[in-house]
Amino acid sequence: MKEPILKTEELTHIYSPGTPFEMTAVENVSIEIRKGEILGIIGHTGSGKSTLIQHLNALVKPSSGRVLLEGRDINESKDSVRDARAKVGLVFQYPEYQLFEETVYKDIAFGPKNMKLSEDEIDGRVRRAARFVGVEEELLDRSPFDLSGGQKRRVAIAGVIAMMPEVLVLDEPMAGLDPQGREEIMKNILAYHDETGAAIVIVTHSMDEAASYADRMIVLNHGRVAMEGAPEEVFSRGEELRGMGLATPVMTDVADKLRKLGVELPASVYTVEQMVSALTALERGRRGA
Ligand SMILES: Nc1ncnc2c1ncn2[C@@H]1O[C@H](COP(=O)(O)OP(=O)(O)O)[C@@H](O)[C@H]1O
Ligand SMILES: [Mg+2]
């Protein structure tokens, strides 16, 4: 098993405590993020996903419990907060609304500048990150407000990638994009993962999306961890998932129906690719090849 890099210990977050608006958004959550893994955090709207992940780089402080980065409490000192901000990159939901600099270049450079890197290093990182997400050189001097929605999203992601985080956390990165835009963003994220070996945490409410990339999944329900495990373990609990307002991936439903018809499919079939190879293998076996 891979070593954990980041952990939460009995993390609880209460909004507006002691007021009539008091709301426990995250309750007693202990999770770990392992080096180099792709972790999917899934849950219906309001289950506490965004609140939870905003703790991971000390943007939001726990009401109780701790967040540990390489074993150290990230809220211990100014220094530990700075370290967490550099190592844990957080891309918000609809990050394009948070672009604010006059040029695309300055927007991407914002994070690296705060890390007090040299001008040369910053310049190299900005250009590399832009290239990485497919933002062309010519766009760097333009205003971010001139860009299309998909381009703005890529600029926002480039700004975080330019900090070269060891853990890249993305809150619903595909939300509101068309299928082609979703695929491009996902390709960029996976390329960052493959090239750097960084751990990736992707928040989503789409099971099909999680099925296609996650090594491991955590399911939140009413601010608590309801399930944790490999995708096939989580998806095998379809009844419980539906009870939490989550649909199982389309392919697990298809596989269930085929099993009822007597087709012997393995448990680990939950993406189109897995279905195709499982059926191909059965067909080969049937032909005695
Ligand atoms: N800034 C806030 N102030 C008060 N309540 C909030 C705030 N942000 C979120 N909440 C509440 O906390 C709960 C969890 O929200 P959130 O973390 O955004 O969940 P998710 O990302 O899974 O949709 C919800 O009931 C939401 O209304
Ligand atoms: Mg959210």
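Helix 119-132 versus the longest principal axis of the chain: what angle, 0 to 90°, nearest 10, using Cα atoms?
It is inclined by approximately 30 degrees.
Students often forget the sequence filter, so: which lysines lie under 16 Å Cα-Cα from LYS257 once same-chain residues fewer than 8 apart are removed?
Output for LYS257: empty list, no partners.
At 4 °C and 1.567 mPa s, grab the translational diffusion coefficient of the stretch 249-289 from Stokes-Einstein with a Kirkwood Rh over Cα pairs, rounded to a whole number in µm² per second.
Diffusion coefficient, whole number: 126 µm²/s.
Of LYS2/LYS113; LYS2/LYS78; LYS61/LYS113, which ones are farther than 27 Å apart at the Cα?
Over 27 Å apart, Cα to Cα: LYS2/LYS113; LYS2/LYS78.
Starting from the amide H of LEU6, placed 1.01 Å from N in the peptide plane, find each other amide H under 5 Å away whose residue is 5 or more places distant or on another chain.
ILE33, GLU70
If you take every DSSP beta bridge whose two residues both sit in the stretch 132-289, what share of them, in percent to the nearest 5, is antiparallel?
50
Express in whole angstrom the spacing between the alpha-carbon centres of the stretch 44-110 and the stretch 269-289.
So the two Cα centres are separated by 43 Å.
Assuming 0.36 nm per residue, please report the length gained on full extension of the stretch GLU137 to ASP194 beyond their Cα-Cα distance.
Value of the extension gain: 18.2 nm.
Near LYS35, which aspartates and glutamates are there with a Cα under 13 Å away, not counting those fewer than 8 places off in the same chain?
Filter leaves GLU3, GLU70, GLU166, ASP194, ASP215.
Just to be sure I understand the model, the point goes 7 Å from the Cα along the line to the Cβ. What's the resulting HIS44 to ARG287 distance in nm?
4.6
For the stretch 5-18, just list the computed ³J(HN,Hα) in residue order, Karplus coefficients 6.51, -1.76 and 1.60, θ = phi - 60°, integers in Hz, with x standing in for Gly and Pro.
Whole-Hz 3J(HN,Hα) from phi for the stretch 5-18: 10, 9, 9, 10, 10, 6, 7, 10, 10, 10, 7, 6, x, x.
Treating each Cα of the stretch 143-200 as an identical point scatterer and ignoring solvent, apply the Debye formula and state log10 I(q)/I(0) at q = 0.15, 0.19 Å⁻¹.
Computed log10 I(q)/I(0) values: -0.43, -0.68.
Amide H of ILE38 versus every other amide H placed in the peptide plane: which residues, excluding those fewer than 5 positions away on the same chain, fall under 5 Å?
Counting only residues 5 or more places away or on other chains, the set is ILE200, ASP215, ARG216.
Please work out the FRET efficiency for the pair GLU102 and LYS260, using the Cβ-Cβ distance as r and a Förster radius of 45 Å; give the result to the nearest 0.05.
Once the sixth-power term is evaluated, E becomes 0.15.
Compute the relative contact order of the stretch 249-289 as a whole-number percentage, counting only Cα pairs closer than 8 Å that sit 6 or more residues apart in sequence.
It comes to 37 percent, rounded to a whole number.
In deg cm²/dmol and to the nearest 500, what is the mean residue ellipticity at 222 nm of the chain if only DSSP H runs of at least 4 residues count, each as -39500 (n - 2.57), divided by the residue total?
So the helix-based figure for the chain works out to -12000 deg cm²/dmol.
Taking the chain as the reference, fit the longest principal axis to its C-alpha atoms, fit the long axis of helix 104-114 to the helix C-alpha atoms, and give the angle between the two in degrees, 0 to 90, nearest 10.
Taking Cα atoms only, the helix is inclined about 80 degrees.
Can you list the residues, at least 5 places off or on another chain, whose amide H is less than 5 Å from the amide H of LEU220, using H built in the peptide plane?
Excluding prolines and chain starts, which carry no amide H, the hits are ILE42, GLY43, ALA226.
How much length, in nm to one decimal, is gained on full extension between ARG237 and GLU183, taken as 0.36 nm per residue of separation minus their Cα-Cα distance?
16.7 nm
Give the relative contact order (percent, whole number) for the stretch 113-207; include only Cα pairs under 8 Å separated by 6+ residues.
28
Out of every Cα pair in the stretch 4-237, what percent are spaced more than 25 Å from each other?
41
Among HIS222, ASN75, GLY149, pick out the residue whose Cα is farthest towards the positive end of the charge dipole of the chain, where Lys and Arg carry +1 and Asp and Glu carry -1 on C-beta, about the Cα centre.
The residue sitting farthest along the positive end of the dipole is HIS222.
Please give the peptides 82-92, 151-161 ranked by average Cβ packing (other Cβ atoms within 10 Å per residue), highest first, as a rough proxy for protection.
Answer by packing, highest mean first, reads 151-161, 82-92.
Sort the following peptides by mean Cβ neighbour count (other Cβ atoms within 10 Å, averaged over residues), highest first: 37-48, 20-31.
Order by mean packing, descending: 37-48, 20-31.
Angle check, please: helix 272-286 long axis (alpha carbons) against the longest principal axis of the chain (alpha carbons), in degrees 0 to 90, nearest 10.
That works out to roughly 30 degrees.
With θ set to phi - 60°, apply the Karplus curve 6.51 cos²θ - 1.76 cosθ + 1.60 along the stretch 142-149 and write out the HN-Hα couplings as whole Hz, x wherever there is a Gly or Pro.
7, 6, x, 6, 7, 8, 6, x
Show me, for the stretch 73-86, the HN-Hα J-couplings you get by feeding each phi into the Karplus relation (A = 6.51, B = -1.76, C = 1.60, θ = phi - 60°), rounded to Hz, glycine and proline as x.
4, 6, 9, 5, 7, 4, 5, 6, 5, 4, 4, 5, 5, 7
Readers should treat all values here as calculations from the given coordinates under stated rules, not as data from a laboratory. Since this is a predicted model, take the numbers as computed values, not measurements. In this analysis, Cβ positions are derived from the backbone assuming ideal geometry, glycine residues included, and neighbour counts consider all displayed protein chains.
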